[in-house]
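The values are calculated or read from the model by the stated rules, or taken from the named source; none is laboratory data. Bear in mind that the values here come from a model prediction, so they are computed numbers and not experimental data. Neighbour counts are summed over all protein chains in view; Cβ atoms, including those assigned to glycine, are modelled from backbone coordinates with ideal geometry. All accessible areas refer to the heavy atoms of the entire protein, side chains included, with ligands and DNA or RNA removed. Shrake-Rupley method; radii C 1.70, N 1.55, O 1.52, S 1.80 Å.
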Amino acid sequence: MAKIGSNIEKAADWLKKGSVVSIPTETVYGLAANALNETAVLQIFDIKKRPSFDPLIVHIASINEIEKYTLSFPHTLKPLADLYMPGPLTLLLPKKSIIPDLVTSGLDQVAIRIPKHPLTLALLSSLDFPLAAPSANPFGYISPTSTAHVNQQLGKQIPYILDGGDCSIGIESTIIGVENDEIILYRLGGLSLNAIESVVGKVQININQSSNPKSPGQIKSHYAPKKPFYIGDIQELIYQFRDKKVGIISFGKNANFKQQNIVEYNLSLVGDTYEAAQNLFGTMRILDNSAIDIIVTDYLPETGLGLAINDRLQRAAAK
Ligand code: TXA
Ligand code: MG
């Protein structure tokens, strides 16, 4: 299994040698390698079993570094970058040739993010190269929000997991770009749509995979547990599956079922979508590893991180 520790120098040593290391971020844990070293980046695709057409986000330490890797920066994105870099925001920008085509799957834009986690920021500042990092889970499975999640699935394939504690946001970054002077949101994430629109005004949402060559990773089935996953009125679903062992993911108040064959996890008893985001992937993993047959849940209200959470639920339910 991987060594788990909070030693930045150790993580840096492995990365300098071209190895893949798991790093903490405020959104989810990443599977990182030197973004400028194609051999190192290839290992990420290998370890995750990720198809080569699905590009990787490049992580850097500060806004000043953006120009090293990109040809231009749309001025309309500046206020967002100033407020949320570091933060749960990823920007699609025209790439310089120093970024290998492997990283962007041949696309001419590179996804850039500055994670807001003190350990990873310190690590990035100590390196003279940026880190390509997807979420540290096998392709298509639930993203990891703790070192244990990473270790369970990928621990045998990597030497080191940098321990930054549990992720404070719990869902991936929001991905934003510009097309024909218009700001486009390609992935709902840890920075809410409201927060973004309060800075730059209305944005266009383009999160649907088939018509979206810009974000090929937004495939329909994603973040998916192995157990069947149903979304809808929880009471009705429980009745429909009354002969099954059911795991409920609830929000706001407990469904409070008395039946023996039901377990219930609440994402946030007080109905806070930020708390729910923190708990979402961990809860999905617990239920996926429990002795139940199916998982049922309902959509959250669309405020705060509700929209982004609903997007993850929908992809988890897609087959
Ligand atoms: O919060 C996050 O963004 C986490 C942490 C580790 O930073 N990373 C993450 O990476 O979620 P990943 O690989 O699981 O998801 C990245 C998404 C994919 O859907 C991918 O298709 C899209 O970003 N993406 C990356 N580079 C892109 C590019 N050049 N053009 C379009 N989409 C891109
Ligand atoms: Mg991912």
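A few notes on this one:
- Considering the conditions (1) farther than 24 Å from Tyr29 by Cα; (2) surrounded by fewer than 19 Cβ atoms within 10 Å (Cβ to Cβ), Ile248 is excluded by exactly one of them, (2).
- Considering the conditions (1) out of contact with any helix residue (DSSP H, G or I) (no Cβ under 8 Å at 6 or more places or on another chain); (2) away from ligand 2 (no atom under 15 Å from the Cβ); (3) β-branched (Val, Ile, Thr), Ile57 is excluded by exactly one of them, (2).
- Check on Pro51, within 16 Å of ligand 2 (Cβ to nearest atom), in the same structural domain as Pro159 (by TED's automatic domain parsing) and more than 28 Å from Leu193 (Cα to Cα): yes
- Test: residue in the range 283-302 that is touching a His at 6+ places or on another chain (Cβ under 8 Å), more than 16 Å from Ile231 (Cβ to Cβ) and of a type in the set (Gly, Ala, Ser): no
- Residues of the range 169-189 that turn out to be in a loop (DSSP other than H, G, I, E, B), open to solvent by 10 Å² or more (accessible area, probe 1.4 Å) and not charged (D, E, K, R), as a count: 3
- Residue-level analysis places Thr147 outside the set of residues that are modelled with pLDDT of 95 or more, open to solvent by less than 10 Å² (accessible area, probe 1.4 Å) and in the same structural domain as Val41 (by TED's automatic domain parsing).
- Qualifying positions in the range 101-141 - within 16 Å of ligand 2 (Cβ to nearest atom), of a type in the set (Lys, Arg) and either open to solvent by 20 Å² or more (accessible area, probe 1.4 Å) or in a helix (DSSP H, G or I) (or both): none
- In the range 35-49, the residue that is nearest to Ile112 (Cα to Cα) out of those that are open to solvent by less than 60 Å² (accessible area, probe 1.4 Å) and part of a helix (DSSP H, G or I) is Val41.
- Strands (runs of 3 or more DSSP E) contained entirely in the range 218-307, each with at least 3 residues that are at positive phi and within 20 Å of the chain's Cα centre (by Cα): none
- For the residues Thr25, Thr90, the requirement of being open to solvent by less than 10 Å² (accessible area, probe 1.4 Å) and part of a loop (DSSP other than H, G, I, E, B) singles out Thr25.
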